[in-house]
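This report concerns only the one structure given below.
The values are calculated or read from the model by the stated rules, or taken from the named source; none is laboratory data. Computed from a predicted model, the values in this text were never measured in an experiment. Cβ: placed from backbone, ideal geometry, glycine included. Neighbour counts: every protein chain shown. Quick note on the areas: whole protein, heavy atoms, side chains included, nothing else; ligands and nucleic acids left out. Shrake-Rupley method; radii C 1.70, N 1.55, O 1.52, S 1.80 Å.
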Amino acid sequence: MSVYEHIIVEGKGAVGVITLNRPKMLNALSFGVFREIAAAVDDLEADDAIGCIVITGSEKAFAAGADIKEMQPKSFIDMFSSDFTAIGGDRVARCRKPTIAAVSGYALGGGCELAMMCDFIICSDTARFGQPEITLGTIPGIGGTQRLTRAIGKAKAMDLCLTGRMMDAAEAERAGLVSRIVPADKLMDEVMAAAEKIAAMSRPAAAMAKEAVNRAFETPLSEGMNVERNLFHATFALEDRAEGMAAFIEKRKPVNKNR
Ligand code: CAA
């Protein structure tokens, strides 16, 4: 396991929890934070005990964006050479295990983008989402113009990216950015329950379901349907599929082996 300075990484049963831990800076995402998140995903993905990963922040902020104080003196060549967006943008999205963002308070700029890299977002009623980069004279750099537009459509994505305004939890749910809103004091209970449920499923089936849904964002419908069909057929090679269907017929709970 790696040693972490800006995040806390815990294995809670079959769930790996990554908690952003820079409270004084509202979990601003520095290069170091992104490197640690990437290392934590490496560690948790390699750990056979873990079946689902949760990324969360504090009650006040999931993350208020990339670290503006760190970015302020940087030049084009600094940003281009460090490939900040690749470090920050790829690892969580490339994780093969299911991921959930548990968002309370601010999820702005890189914070909103980090949440969107997860497979789905469960937020508290205090959550605020936005892409305020325009107010700093810049634009989103790790998915705010791309994943957000795919998630909520052009009209709202343009509105958020061009005005820099924040969206509350209810608007985010209506727009399809979040899957559920829960009271702030119940957020982690609800997220952990969902994560434990996912971790108890057939691991390969969960990975295939995730891969198939993600293909919907990358391919035309006919290609996506092909991928889905091939993966669906592949599940018939899984012991867990045989067990799952047998258990249904025998009116008992399935015992998944491939986890
Ligand atoms: N980077 C660095 N520091 C930040 C920060 C950020 N993104 N967000 C907040 N902080 C710091 C503040 O500077 C402040 O530090 P000091 O006490 O040393 O002054 C501390 O966190 C607390 O913040 P505030 O006093 O501002 O708290 P608030 O409750 O009054 O306001 C807020 C909260 C509305 C979220 C406000 O902090 C804010 O607007 N933050 C910046 C949001 C933003 O613009 N994010 C986009 C960043 S750019 C980006 O993300 C690029 C990309 O796509 C990769």
Open item on the list: When you scan segment 126-134, do you find a residue that is open to solvent by less than 50 Å² (accessible area, probe 1.4 Å), of a type outside the set (A, V, I, L, M) and closer than 25 Å to residue 8 by Cβ, even just one?
Closed with: yes
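Taking the conditions exactly as written (closer than 23 Å to residue 14 by Cβ and either out of contact with any strand residue (DSSP E or B) (no Cβ under 8 Å at 6 or more places or on another chain) or open to solvent by 30 Å² or more (accessible area, probe 1.4 Å) (or both)), does residue 196 satisfy them or not?
yes
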Task: Members of segment 1-19 that are more than 16 Å from residue 102 (Cβ to Cβ) and charged (D, E, K, R) - done: 5
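Being without any contact (Cβ under 8 Å) to a residue 12 or more places away in the chain, within 13 Å of residue 34 (Cβ to Cβ), open to solvent by less than 40 Å² (accessible area, probe 1.4 Å) and not β-branched (Val, Ile, Thr) narrows it down to one residue among 86, 66; which is it?
Criteria check complete, one pass: 86.
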Open item on the list: Cβ-Cβ under 7 Å, sequence separation 6+ or interchain: first residue in segment 162-175 and open to solvent by less than 80 Å² (accessible area, probe 1.4 Å), partner assigned to a helix (DSSP H, G or I) and within 13 Å of the ligand (Cβ to nearest atom). Which pairs?
Closed with: 164/132; 164/134; 164/135; 167/160
Open item on the list: Condition (residue is small (Gly, Ala, Ser) and free of Cβ contacts under 8 Å to residues at least 12 places away in the same chain) applied to segment 42-53: is it met by at least one residue?
Closed with: yes
Task: Which numbered condition residue 155 fails, given (1) surrounded by fewer than 14 Cβ atoms within 10 Å (Cβ to Cβ); (2) touching a strand residue (DSSP E or B) at 6+ places or on another chain (Cβ under 8 Å) - done: (2)
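I need the helices (runs of 4 or more DSSP H) fully contained in segment 32-131, keeping only those with at least 1 residues that are within 9 Å of the ligand (Cβ to nearest atom).
68-71, 84-94, 110-117
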Open item on the list: Being acidic (Asp, Glu), in a helix (DSSP H, G or I) and under 24 Å from residue 110 (Cβ atoms) is true for just one of 159, 189, 185. Which residue is that?
Closed with: 159
Open item on the list: Being in a loop (DSSP other than H, G, I, E, B), assigned by the TED database to the domain that holds residue 29 and free of Cβ contacts under 8 Å to residues at least 60 places away in the same chain: is that true of residue 138 here?
Closed with: yes
- [ ] Determine which member of the set 211, 228, 218, 223 is exposed (fewer than 13 other Cβ atoms within 10 Å of the Cβ), at pLDDT 95 or above and closer than 24 Å to residue 150 by Cβ.
- [x] 223
Task: Selection from segment 132-174 of residues that are among the polar types (S, T, N, Q) and within 8 Å of the ligand (Cβ to nearest atom) - done: 135, 138
